[in-house]
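Step one of this worksheet: look at the structure below.
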Amino acid sequence: MSAEIAALQNALAAEHAVIYGYGVAGAMLTGASQADAVADWTAHLTARDNLESRLTGLGATPVAASPAYQLPFAVTNAATAARLAAVLEDGLTRAYLGVVAVSDPGLRSFGARAMQASANRAVAWSGTTTAFPGMPG
Amino acid sequence: MLSRRQLLAASPTTLPLFLSLSACAGPAVLSAPPAVSAQTTSLLHAVTAELNLIWIYNRAMAAYSGLGPALAPLRAEHEAHLARLRAWVIEPPGKHLPDTVTARPGLGSTEVAALRQLQAAEQTAVTTLMGRLDGAPASLAQLYASIAASEATHASVLGARIASS
């Protein structure tokens, strides 16, 4: 498997997990927060489709979503739902950082733009910025 | 070729004769510093860009103390960016790292104008960093991308602050 395909598959697997997670978080949210979660969930569906299209174009079979995922903590109210959304976005930023490491310039830009989108969503949910989104601590 | 010991031993009056007799021109002895690679030049520009951003944050915080609590965390992240970028500079040996601000724009005359100026500076920084990705080693490209993501969030945070002003 090429580095490009491996990085895209990793990002796709992360998008699958994020889509699942937003389903859980959205159920605990109401009003504007729920609307934000729905908008973000929709953005992730689009990103998933984009990644699947890119992988198919490279001759790879896109990884499938798991039927369920282990959540990092119990999501029982709006606060934990928002925290989960931020954690999901942080994880996704790390996944797209891997796409930036490939040599193809177009994919690098794609990965970097996706990092900006997920970092912005993470900040919207957490209210806190970080110096190095996606980078190992 | 003259040795360093021979050059140091030569008096100012004898040195030109010494050089001509040995058919050794000054530039051959004191050769030009090694050329800086395009990658290093890009990195040094990134360092300068962070210095410029920190400078304008400092100006804004000095001029509008009410912005301090909102801007201090963002400035601290720029200082972290600067430190990480400087740590990447390893060539040429002994290269003096940029420590001078190269852009000192006038500050907006109101808090909101200053915030807009900072937001525009952050957006410009993101665009510039995106342009540095191509050709950079993978790990440096990842650092640029991460800093670009951080600065994109700064632009958003500043935008939210402007909207609420």
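Only the coordinates and a few stated rules stand behind these numbers; no lab work does. Fair warning: this is a prediction, and the values are worked out from it, not measured in the lab. Quick reminder, even Gly has a Cβ in these numbers, built from the backbone with ideal geometry, and neighbours come from all protein chains shown.
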Report summary line: Counting Lys and Arg as +1 and Asp and Glu as -1 over every other residue whose Cβ sits under 15 Å from the Cβ of A:Leu71, the net charge comes to -1
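Could you put B:Ile90, A:Ile5 in order, starting from the residue whose Cβ has the fewest other Cβ atoms within 10 Å? Let's see the in-between values first.
Details: B:Ile90 9, A:Ile5 17.
So the ranking, lowest neighbour count to highest, is B:Ile90, A:Ile5.
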Requested in this report: Pull out a ≥ b ≥ c, the square roots of the eigenvalues of the alpha-carbon gyration tensor of the protein assembly as shown, then state rounded if a/c is under 1.5, prolate if not and a/b is larger than b/c, and oblate in the remaining case.
Outcome: oblate
Query raised in the report: Looking only at segment B:60-82, which residues have a backbone nitrogen under 18 Å from a spot 7 Å from the Cα of B:Ala113 in the C-beta direction?
Result: B:60-67
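Apply the membrane-span-like helix rule to chain A: whole DSSP H runs, Cα extent along the own long axis of at least 15 Å, mean Kyte-Doolittle hydropathy at least 0.5. List the helices found. Spell out each step's value before the answer.
On the way: long enough: A:3-27 (37 Å, 0.81); A:31-57 (39 Å, -0.45); A:78-100 (33 Å, 0.91); A:105-126 (31 Å, -0.12).
Counting only whole DSSP H runs, the qualifying helices are A:3-27, A:78-100.
For peptide A:123-136, what's the mean number of Cβ atoms from other chains within 10 Å of each residue's Cβ? Don't skip to the answer; put the middle values down first.
Numbers: counts 8, 4, 0, 0, 1, 3, 11, 7, 14, 10, 8, 5, 9, 1.
Neighbouring Cβ atoms belonging to other protein chains average 6 per residue here.
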Query - Positive-end residue, the protein assembly as shown charge dipole about Cα centroid, Cβ charges, pick of B:Ser165, A:Ser126, B:Ala141 - result: B:Ala141
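If you average the sequence gap of Cα pairs under 8 Å that are 6 or more apart and divide by the length of segment A:1-118, what percent do you get for the contact order?
The value is 36 percent.
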Query raised in the report: chain A: percent of C-alpha pairs farther apart than 28 Å?
Result: 15
Report task. Mind checking the full-extension length gain between B:Ser139 and B:Gln39? Use 0.36 nm per residue of separation minus the Cα-Cα distance, one decimal, nm. Result -> 34.7 nm
Report task. Calculate the dipole size of segment B:33-165 relative to its Cα centre from +1 charges on Lys and Arg beta carbons and -1 charges on Asp and Glu beta carbons; express the result in debye to the nearest 20. Result -> 160
Report summary line: Scalar couplings 3J(HN,Hα) for segment B:52-68 by Karplus 6.51 cos²θ - 1.76 cosθ + 1.60 (θ = phi - 60°), nearest whole Hz, x for Gly and Pro, are 5, 5, 4, 4, 6, 4, 4, 4, 5, 5, 6, 7, 10, 4, x, 7, x
Query raised in the report: When only C-alpha pairs under 8 Å and at least 6 residues apart count, what is the relative contact order of segment B:78-165, in percent?
Result: 31
Report task. Specify whether the C-alpha gyration tensor of segment B:89-165 places it in the rounded, prolate or oblate class, a ≥ b ≥ c being the square roots of the eigenvalues: rounded for a/c under 1.5, otherwise prolate if a/b is larger than b/c and oblate if not. Result -> oblate
